[in-house]
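Colleague: Below is one structure. I have some questions about it.
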Amino acid sequence: MKRLLALAAASPFALFGYFAATAHAHGDVTPQAVDVAGLKVLGAGWSKSNPYRKNARAEQIGASAFNQNCARCHGLGAVSGGIAPDLRYLPTGDEGDEIYLGRVRHGATRDGRVYMPPFEGMLSQEAMWAIRAWLESVRVVD
Ligand code: HEC
């Protein structure tokens, strides 16, 4: 019985490891350079909220940047297949911006396992906020 319980506790992680490995095998492992031409340059300091909210050009750039860098885990078009959260449900506005930026910069690691890689240094701040602008444009109200 103890063993069974231990197994049950361990299995979601084992399952995730499997899917993550599969996702890596199929998707682009190296972050893709994102062309942010046409967007206001943001400089070195981190903005607390999305400077490109509702910016059509940013949404367009963000859609393709998302599919190249995030879709292998979060799903094409941000429609999650279940291995990672469905980002269409992130809160809107500043609240969602804060959750979003923290996660994208630092990724998610628990017990030494990388659930999501950090994107700081891989994607520019401009690219991160462009993706966020697009995510808000496809948001689902639950
Ligand atoms: C290797 C798979 C993987 C990739 C690639 C990935 N993520 Fe994630 N992401 C995850 C997982 C798994 C979680 C849930 C982490 C947790 O439970 O702590 C997550 C969580 C998040 C969250 C927090 C969601 C919430 O509801 O709190 C955001 C925001 C996010 N990811 C954005 C992105 C963006 C944007 C990209 C692309 C630049 C990206 N992720 C790439 C796997 C990934």
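Colleague: Rounded to whole Å, give me the distance from the Cα center of the range 52-88 to that of the range 117-142.
Modeller: So the two Cα centres are separated by 7 Å.
Colleague: Ranking request for peptides 120-131, 49-60, 94-105: highest mean number of other beta-carbon atoms within 10 Å first, then the rest in descending order.
Modeller: 120-131, 49-60, 94-105
Values in this text are rule-based calculations from the coordinates and carry no lab data. Being a predicted model, the structure only gives us computed values, none of them experimental. Note: ideal-geometry Cβ built from the backbone for every residue, glycine included; neighbour counts use all protein chains shown.
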